[in-house]
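Inspection log for the structure reproduced underneath, given as structure tokens.
The values are calculated or read from the model by the stated rules, or taken from the named source; none is laboratory data. This one's a predicted model, so the numbers in the text were calculated from it and none came from an experiment. Positions of Cβ are generated from backbone atoms using ideal geometry, with glycine treated the same way; all protein chains shown enter the neighbour counts.
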Amino acid sequence: MCGRYTLAVEMDELVERFGCPKVDPVMKPRYNVAPSQVMSVVVEHRSGHQLQMMHWGLVPFWGKDKSIGSKLINARIETLEQKASFKNAVRQRRCIVPADGYVGEHSIIKDER
């Protein structure tokens, strides 16, 4: 999986796509989002979808140091419900991370000029 992603759409597009109110501060396009950085995610509330600013990474309920969150950014679907780090979160603490691109491990952009 990727360790970086992009989100270059305007806030208005996210608000319309997910049917939620705008958040402050207004988000600017980001082309190299890394673990531990703050980005907007879509969460479900009683009143519907909402955009909320969160740090990228998972801090399990038993985690004592928040820095562990930057290490827990990927999970395998095959073992998601067995791993202590992810099993409670996948059942109770889900969100949508809007992204319009990613930088893979072997992604290389070549200039063929």
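For the structure I just gave you, tell me whether residue 91 is without any contact (Cβ under 8 Å) to a residue 12 or more places away in the chain, touching an Asp or Glu at 6+ places or on another chain (Cβ under 9 Å) and of a type in the set (D, E, K, R).
yes
Could you check, for segment 92-101, whether at least one of its residues is in a helix (DSSP H, G or I), at pLDDT 80 or above and exposed (fewer than 14 other Cβ atoms within 10 Å of the Cβ)?
The answer is yes; a qualifying residue exists.
Could you check how many residues of segment 12-33 are touching a residue at least 24 places away in the same chain (Cβ under 8 Å), surrounded by 13 or more Cβ atoms within 10 Å (Cβ to Cβ) and of a type outside the set (Lys, Arg)?
Result for segment 12-33: 6.
Among (1) of a type outside the set (Asp, Glu); (2) under 19 Å from residue 89 (Cα atoms); (3) without any contact (Cβ under 8 Å) to a residue 60 or more places away in the chain, there is one condition residue 74 misses while meeting the rest; what is its number?
Among (1) of a type outside the set (Asp, Glu); (2) under 19 Å from residue 89 (Cα atoms); (3) without any contact (Cβ under 8 Å) to a residue 60 or more places away in the chain, the lone unmet condition for residue 74 is (3).
Please work out which residue is farthest from the chain's Cα centre (by Cα), limiting yourself to segment 46-61 and to residues that are under 21 Å from residue 91 (Cβ atoms), assigned to a loop (DSSP other than H, G, I, E, B) and not aromatic (Phe, Trp, Tyr).
46
Starting from residues that are over 15 Å from residue 41 (Cβ atoms) and small (Gly, Ala, Ser), keep the ones in segment 51-71 and report whichever is surrounded by the most Cβ atoms within 10 Å (Cβ to Cβ).
That would be 70.
All but one of (1) outside any loop (DSSP other than H, G, I, E, B); (2) closer than 25 Å to residue 84 by Cβ; (3) in contact with a helix residue (DSSP H, G or I) (Cβ under 7 Å, 6 or more places away or on another chain) hold for residue 43; which doesn't?
(3)
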